[in-house]
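Step one of this worksheet: look at the structure below.
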Amino acid sequence: AGSPDVECEATMPPSDEESTKHLLTKRRLEDVASKTYDAVVVGSGISGLTTAALLARTNDWKVLVLEQHFTVGGCSHTFEQHGLEYDVGVHYVGGHVWERGSALRSVFDYATEERLKW
């Protein structure tokens, strides 16, 4: 049925003290507010992204994901500083995700249309 209709809105990295006071610029806030969504998910960690993808695929809903950080992924993203890459959190996802047919792997395969590689 095509790709899920999920829009993710993350903030921009703060460049000065003033920018940290505004999570969404007025223009972006007006753009997001002018659209209609069937669901809004707050937080783009693995649970939020999975929930958004499942709502979009299963119900054919238009879903907006909001994130206060400048990158999506919650505790499953990395960042680079001084030429080194750091993993900020999740080091292990259980449930035998590496085994095709396991319950958790089946959920991830469905939610991502098998685009997530383990």
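The values are calculated or read from the model by the stated rules, or taken from the named source; none is laboratory data. All values derive from a computational prediction rather than experimental measurement. Positions of Cβ are backbone-derived with ideal geometry, glycine not excepted, and every protein chain shown enters the neighbour counts. Surface areas here come from the heavy atoms of the whole protein model, side chains and all, with no ligands, DNA or RNA. Shrake-Rupley method; radii C 1.70, N 1.55, O 1.52, S 1.80 Å.
Any residue at all in segment 53-60 that is open to solvent by less than 70 Å² (accessible area, probe 1.4 Å), out of contact with any Leu (no Cβ under 8 Å at 6 or more places or on another chain) and hydroxyl-bearing (Ser, Thr, Tyr)?
Checking segment 53-60: not a single residue is open to solvent by less than 70 Å² (accessible area, probe 1.4 Å), out of contact with any Leu (no Cβ under 8 Å at 6 or more places or on another chain) and hydroxyl-bearing (Ser, Thr, Tyr).
Is there a residue in segment 64-77 that is modelled with pLDDT of 85 or more and surrounded by fewer than 12 Cβ atoms within 10 Å (Cβ to Cβ)?
No: segment 64-77 contains no residue that is modelled with pLDDT of 85 or more and surrounded by fewer than 12 Cβ atoms within 10 Å (Cβ to Cβ).
Identify the single condition in (1) of a type outside the set (Phe, Trp, Tyr); (2) open to solvent by less than 70 Å² (accessible area, probe 1.4 Å); (3) over 30 Å from residue 33 (Cβ atoms) that residue 117 does not satisfy, given that it satisfies every other one.
The single condition residue 117 does not satisfy is (2).
Quick one: in segment 91-111, which of the residues that are assigned to a loop (DSSP other than H, G, I, E, B) and at pLDDT 85 or above is most open to solvent (accessible area, probe 1.4 Å)?
Filtering first and then ranking leaves 100.
Give segment 16-42 a look and list any residue that's crowded, with 17+ Cβ neighbours inside 10 Å and either under 20 Å from residue 105 (Cα atoms) or at pLDDT 85 or above (or both), or say none.
41
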